[in-house]
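Working notes, beginning with the structure itself.
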Amino acid sequence: MSNQTNRHNIEHFEIPADNVDNLKNFYSSLFAWQFEKGQTQGYWMIKNAGISGAIMQKENPEQMSTQFVTVESIDNYIVKAQQLGAKIIKDKKEISEGYYAVLEDPQKNTFGIWQNK
């Protein structure tokens, strides 16, 4: 047995989409994410999200994903996201380490934004 510490890091995330191209445009405009065609139909790898992630065609109507993205200014990104068609699900909240909010993209996926203090 190894003495190595077992880490449970988030290694990959998937965002389900009804319209993959529209959602790629939304996240590209909001976070400047870049995409590369994946190995399966309707699957696009995100090249610069900090961890492995993808936008994929929805497999069922209830499919959901939530992840938090670190931003420089949570206030600026709340405004920017709304301008791009997002809705606020949970407005900016403060905890000891920073601030977070949960938003809904134009295709009803929830995502979080995070700003360190």
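Counting the residues of the stretch 80-96 that are open to solvent by 90 Å² or more (accessible area, probe 1.4 Å), of a type in the set (D, E, K, R) and under 15 Å from the mean Cα position of the chain (by Cα) gives 1. Scanning the stretch 63-79 for residues that are open to solvent by 70 Å² or more (accessible area, probe 1.4 Å) and either closer than 12 Å to Asp105 by Cα or assigned to a strand (DSSP E or B) (or both) returns Met64, Thr66, Phe68, Thr70. For the stretch 28-44, which residues satisfy the criterion of being at pLDDT below 95 and either outside any strand (DSSP E or B) or under 14 Å from the mean Cα position of the chain (by Cα) (or both)? Matches in the stretch 28-44: Gly38, Gln39, Thr40, Gln41, Gly42. Residues that are under 15 Å from Leu23 (Cα atoms), of a type in the set (A, V, I, L, M) and in contact with a Leu (Cβ under 7 Å, 6 or more places away or on another chain) within the stretch 75-108 comprise Ala81, Leu84, Ala86, listed in sequence order.
Does the stretch 80-117 hold any residues that are in a loop (DSSP other than H, G, I, E, B) and either over 27 Å from Gln57 (Cβ atoms) or touching a Cys at 6+ places or on another chain (Cβ under 8 Å) (or both), and which are they?
Of the stretch 80-117, the ones in a loop (DSSP other than H, G, I, E, B) are 84-86, 96-97, 105-109, 117.
Selection gives Ser96, Glu97, Lys117.
Only one of the numbered conditions (1) in contact with a strand residue (DSSP E or B) (Cβ under 9 Å, 6 or more places away or on another chain); (2) free of Cβ contacts under 8 Å to residues at least 24 places away in the same chain is violated by Tyr27, and that is (2). The residue pairs whose first member lies in the stretch 63-88 and is at pLDDT below 95, whose second member is hydroxyl-bearing (Ser, Thr, Tyr) and part of a strand (DSSP E or B), and whose beta carbons are closer than 7 Å, counting only pairs six or more residues apart or on different chains, are Met64/Thr110; Thr66/Thr110; Phe68/Tyr100.
The values are calculated or read from the model by the stated rules, or taken from the named source; none is laboratory data. Fair warning: this is a prediction, and the values are worked out from it, not measured in the lab. Cβ: placed from backbone, ideal geometry, glycine included. Neighbour counts: every protein chain shown. Quick note on the areas: whole protein, heavy atoms, side chains included, nothing else; ligands and nucleic acids left out. Shrake-Rupley method; radii C 1.70, N 1.55, O 1.52, S 1.80 Å.
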